[in-house]
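J.: Take this structure first; my questions come after.
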Amino acid sequence: MSNFNIDSTKNRTYDAIVIGSGISGGWAAKELTGKGLRTLVLERGRDVRHVVDYPTTMLQPWEFEHRGQLPYEVKQENPIVSKCYAFYEGTTQFFAKDKEHPYVQEKPFDWIRGYQVGGKSLLWARQTQRWSNFDFEGPARDGFAVDWPIRYNDLAPWYSYVEKFAGITGNKDGLDTLPDGEFLPPHDLNCVEKYFKEQVSKNYKDRHIIIGRAAHITKAQPIHLQQGRAQCQHRTICERGCPFGGYFSSNASTIPWAMKTGKMTLRPDSVVHSIIYDEKKGKATGVRVIDANTKEMIEFYAKIIFVNAAALNTNLILLNSTSNRFQNGLGNDSGVLGKYVAFHNYRARVSGEYDGLLDSTTDGRRPNSGYIPRFRNVYKQETDFLRGYAAGFDGRRIEYNSSEGIGEDLKANLGKVTRGGWSVGSHMMGETIPKESNYVALDKTLKDPYGIPQLRIAVGYDDNDEKMVKDYLQQMTDMFEKAGFKNIKTYDSKQAAGLDIHEMGGARMGKDPKTSILNKWNQMHACKNVFVTDGASMTSTSTQNPSLTYMAMTARAADYAVKQMRMGNL
Ligand SMILES: Cc1cc2nc3c(=O)[nH]c(=O)nc-3n(C[C@H](O)[C@H](O)[C@H](O)COP(=O)(O)OP(=O)(O)OC[C@H]3O[C@@H](n4cnc5c(N)ncnc54)[C@H](O)[C@@H]3O)c2cc1C
């Protein structure tokens, strides 16, 4: 930013402001700049440039001071984020640290965040299953939350649109629970996974094992090459940042694409405090930002605002945006802002062993795994809990290296691999029910280092979740037994909500302004030039990973917003 004329309102005025540069903010930036809008992207964290700011991406295990492990002090200082499987010596630079970013846990909640340009898009596991009508019709059919104001057909073309650009690998499986998309060539199931698939098909009509759909380029198309991205090299160290752009991240894809239009101004180190509402104009006029370096408050102005700070931070910003008109948070006439937060229940796992297929093994790495789409309560209510779960599944050959001996003996032994049978495992991905009692709010006294109220999180499991865990453990055990797997073990980690990193809701979409914050275009019912297109907007959670749906919703909402703006409606 120039130091001259810094106070002039004109210099701080844009067509659009996007808050956050993660998966959804990156898409908002790409779409809005692509349609010609001068767009300011405000990001609370530092800049992370593609390739040059991935310091650990080329390091070999022995080049890490602690061989990839987290030092004791780091774990002590970060008890929450240390629980995340992806937080290790090679990735600590991309995770928000507990101490620096405090929040209040009214109920235990592990809030995992990525505060930098690219947000959590650098860290995600890249699973990208579409949602189906069984998801969008869920609340209406099963009588919880409120009805979604959209159906699958509203999003389908936008799924296709974002999939082609992001690069999604997958197989056309023809399942009505999991619509097919615009896929690049699929990864393969390995032999034990194929064996399980056959056994499950033999024993159950409605259960399927498929290869996951994932945001990896398995065959680069011209659109990917134009982004400077290349085929995934199967290194499976994605969360350190990929210099090939082999997986989708904002840093490799949407942000540089938006930058190339010449229409984007990216302002890192800009912590959005609140959205400015103009009582006379009856709309939002801009945002207040705390500069992370100087702690100075600066205002920026625009005709439309996209809020993409990730679900809970979006709630925080909206709750903190108070005015005479909106005393309890922007757009909060209904009083539901911050409420009906839900998440995914990832507590349960089942493991086993298989002693067949001993003449085969796997070769190389695969940045993907098997996927079992939801099969419970799909066509009819068949259990004593609502909704259901999807599951991951994978199998690998058990290998042992002997580390016996010293010197030459040790070296020789390390090279010898003895193979055992196969280990197989599955993890649960359960839908949770959005409830008024699962909410986030601003703490009345505690502030963060920028003077912004800390978020108070009161989100946890209920009886429905407990029953679902039991059912998953039972059903998966049955499926493993039918496949002849042995030594089957079940686990309930009892982990707190949040570690699934799929928190959603708080500013939900709905048909009725009395019970929702956003309309079917992710547009605020009560403040039409503000759009929320991240997880905060979700009416319910489905069982599928949500980020692809955020991308599709963002592109759809941006298209609508720009059309409305050009018609003079915003
Ligand atoms: C280890 C891991 C594995 C995951 N696996 C999957 C998966 O397989 N599939 C899937 O669909 N999802 C997965 N997720 C979740 C996925 O990363 C998120 O759903 C996705 O990143 C959400 O996009 P977003 O734009 O809402 O938020 P983010 O990507 O988190 O971006 C939000 C951005 O907003 C910024 N911000 C926050 N507050 C402010 C503020 N006040 N002012 C300015 N900027 C602000 C943040 O710094 C951040 O850059 C995973 C996440 C993790 C960490």
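The values are calculated or read from the model by the stated rules, or taken from the named source; none is laboratory data. Here the structure is a predicted model, which is why all the values come from computation and not from measurement. No Cβ is skipped: glycine too gets one built from the backbone with ideal geometry, and neighbour counts run over all protein chains shown. We work out accessible area using only protein heavy atoms, side chains counted, and drop any ligands, DNA or RNA first. Shrake-Rupley method; radii C 1.70, N 1.55, O 1.52, S 1.80 Å.
J.: State which entries of Lys75/Lys107; Lys35/Lys303; Lys339/Lys435; Lys30/Lys263; Lys30/Lys164 exceed 18 angstrom in Cα-Cα distance in the structure shown.
T.: Numbers: Lys75/Lys107 22 Å; Lys35/Lys303 14 Å; Lys339/Lys435 7 Å; Lys30/Lys263 10 Å; Lys30/Lys164 14 Å.
Where the Cα-Cα span goes over 18 Å, the pairs concerned are Lys75/Lys107.
J.: Can you give me the orientation-averaged projected area of the convex hull built on the Cα atoms of the chain, in nm²?
T.: Details: hull surface 106.7 nm².
Projected area, direction-averaged: 26.7 nm².
J.: Between Tyr85 and Thr515, what's the calculated FRET efficiency when r is the beta-carbon distance and R0 is 30 Å? Round to 0.05.
T.: Details: r = 37 Å, r/R0 = 1.23.
With R0 = 30 Å, the Cβ-Cβ based efficiency is 0.25.
J.: At Ser437 and Ile398, where each label point lies 7 Å from the Cα along Cα→Cβ, what is the point-to-point distance in nanometres?
T.: Simple spin-label model gives 4.3 nm for this pair.
J.: Where does the charge balance sit around Asn251 when Lys and Arg score +1, Asp and Glu -1, over other residues with C-beta under 15 Å from its C-beta? Mind dumping the intermediate values first?
T.: Values: positive: Lys30, Arg46, Arg49, Lys120, Arg126, Arg229, Arg240, Lys260; negative: Glu43, Asp47, Asp53, Glu239.
Once all neighbours under 15 Å are counted, the net charge is +4.
J.: When DSSP beta bridges are limited to those with both residues in the chain, what percentage is antiparallel, rounded to the nearest 5? Kindly include the intermediate steps, with their values, before the conclusion.
T.: Working: 56 of 80 bridges.
So the antiparallel bridges in the chain amount to around 70 percent.
J.: Show me 27-39, 460-472, 296-308, 399-411 ranked by packing, highest mean number of other Cβ atoms within 10 Å first. Write out the running numbers ahead of the final one.
T.: Working: 27-39: 25.6, 460-472: 18.5, 296-308: 22.2, 399-411: 10.5.
In decreasing order of mean packing, 27-39, 460-472, 296-308, 399-411 become 27-39, 296-308, 460-472, 399-411.
J.: Rolling a 1.4 angstrom probe over the protein heavy atoms, how many square angstrom per residue are accessible across the stretch 1-159?
T.: On a per-residue basis, the stretch 1-159 sits at 43 Å².
J.: Please report the carbon-and-sulfur percent of the accessible area for the chain; probe 1.4 Å, protein heavy atoms only, DNA, RNA and ligands left out.
T.: Values: 11490 of 23060 Å².
Solvent-exposed carbon and sulfur of the chain make up 50 percent of the total.
J.: For the stretch 283-378, what is one quarter of the convex hull surface built on the Cα atoms, given in nm²?
T.: On the way: hull surface 54.2 nm².
Taking a quarter of the hull surface, the average projection is 13.6 nm².
J.: Also, quick follow-up: Output the relative contact order of the stretch 84-239, whole-number percent, from Cα pairs under 8 angstrom with separation of 6+ residues.
T.: Details: 176 pairs, mean separation 34.4, N = 156.
Value for the stretch 84-239: 22 percent.
J.: Give me the aspartates and glutamates in straight-line cross-link reach of Lys416: C-alpha distance below 20 Å, same-chain residues under 8 apart excluded.
T.: Of all the aspartates and glutamates, those that pass the test against Lys416 - Cα under 20 Å, at least 8 places apart if same chain - are Asp359, Asp363, Glu399, Glu404, Glu408.
J.: HN-Hα J couplings of the stretch 181-194 from phi, Karplus 6.51/-1.76/1.60, θ = phi - 60°, integer Hz, Gly and Pro as x?
T.: Values, residue by residue: x, 8, 9, 7, x, x, 6, 10, 6, 7, 5, 6, 5, 5 Hz.
J.: Could you give me D for the stretch 1-135, from Stokes-Einstein at 20 °C and 1.002 mPa s, where the hydrodynamic radius is the Kirkwood radius over C-alpha pairs? Units µm² s⁻¹, please. Could the numbers behind the result be given before it?
T.: Details: Rh = 17.8 Å.
The estimated diffusion coefficient comes to 120 µm²/s.
J.: Determine, from the Cβ-Cβ distance of Leu414 and Arg151 and an R0 of 45 Å, the FRET efficiency 1/(1 + (r/R0)^6), rounded to the nearest 0.05.
T.: Details: r = 57 Å, r/R0 = 1.26.
Result of the calculation: an efficiency of 0.20.
J.: Using θ = phi - 60° and the Karplus curve 6.51 cos²θ - 1.76 cosθ + 1.60, what whole-Hz ³J(HN,Hα) does each residue of the stretch 114-121 get, with Gly and Pro shown as x?
T.: Per residue, the Karplus-derived 3J(HN,Hα) values read x, 9, 6, 4, x, x, 7, 5 Hz.
J.: Name the residues whose placed amide hydrogens come within less than 5 Å of the amide hydrogen of Leu175, ignoring near sequence neighbours (fewer than 5 apart) on the same chain.
T.: Counting only residues 5 or more places away or on other chains, the set is Asp180.
J.: Same structure, new question: Roughly what would the spin-label model give for Asn293 and His234, points 7 Å off Cα along C-beta, in nm?
T.: Placing both labels 7 Å along Cα→Cβ, they lie 4.4 nm apart.
J.: While we're on this one: Once you keep just the Cα pairs under 8 angstrom separated by 6 or more residues, what percentage relative contact order results for the chain? Show your work: numbers first, answer last.
T.: Details: 1334 pairs, mean separation 122.2, N = 570.
The normalised contact order for the chain reaches 21 percent.
J.: Summing +1 for each Lys or Arg and -1 for each Asp or Glu, what net charge is found among the other residues whose Cβ lies under 14 Å from the Cβ of Leu266?
T.: Numbers: positive: Lys30, Arg38, Arg44, Arg46, Arg49, Lys260, Lys263, Arg267; negative: Glu43, Asp47, Asp53, Asp269.
That works out to +4.
J.: Also, quick follow-up: Over the stretch 263-376, average the accessible area per residue using a 1.4 Å probe and give it in Å², no decimals. Display every interim value, and only then the final one.
T.: Working: 4320 Å² over 114 residues.
It amounts to 38 Å² per residue over the stretch 263-376.
J.: Let me ask something additional. When the Karplus curve 6.51 cos²θ - 1.76 cosθ + 1.60 is applied with θ = phi - 60°, which whole-Hz ³J(HN,Hα) does each residue of the stretch 39-53 get, with x for Gly and Pro?
T.: Taking θ as phi minus 60°, the curve returns 10, 9, 9, 9, 10, 5, x, 6, 6, 10, 8, 3, 6, 5, 9 Hz for the stretch 39-53.
J.: Same structure again: Give me the 1.4 Å probe accessible area per residue for the stretch 415-570, excluding ligands and nucleic acids, in Å². The partial results should precede the final answer.
T.: Numbers: 5500 Å² over 156 residues.
The answer is 35 Å² per residue.
J.: Please compute one quarter of the surface area of the Cα convex hull for the stretch 156-198 and express it in square nanometres. Display every interim value, and only then the final one.
T.: Values: hull surface 14.3 nm².
Hull-based average projected area comes out at 3.6 nm².
J.: Listed highest first by mean packing, meaning other Cβ atoms within 10 Å per residue, what order do 43-53, 547-557 come in?
T.: Numbers: 43-53: 18.9, 547-557: 26.6.
Top to bottom by mean Cβ count within 10 Å: 547-557, 43-53.
J.: Next question, about the same structure. Rounded to the nearest 500 deg cm²/dmol, what is the calculated helix-only ellipticity per residue at 222 nm for the chain, with -39500 (n - 2.57) per DSSP H run of length n ≥ 4?
T.: Numbers: 12 runs with 124 residues, N = 570.
So the calculated ellipticity at 222 nm is -6500 deg cm²/dmol.
J.: Can you give the charge dipole size of the chain about its Cα centre, rounded to the nearest 20 debye, using +1 on the beta carbon of Lys and Arg and -1 on the beta carbon of Asp and Glu?
T.: Numbers: 74 positive and 65 negative charges, 311 e Å.
Computed charge dipole of the chain: roughly 1500 debye.
J.: Moving on to the next point. Excluding Gly405 itself, what net charge comes from residues whose Cβ is under 14 Å from its Cβ, given Lys and Arg +1 and Asp and Glu -1? List each step's numbers first, then the result.
T.: Numbers: positive: Lys411, Lys416; negative: Glu404, Glu408, Asp409.
Its environment carries a net charge of -1.
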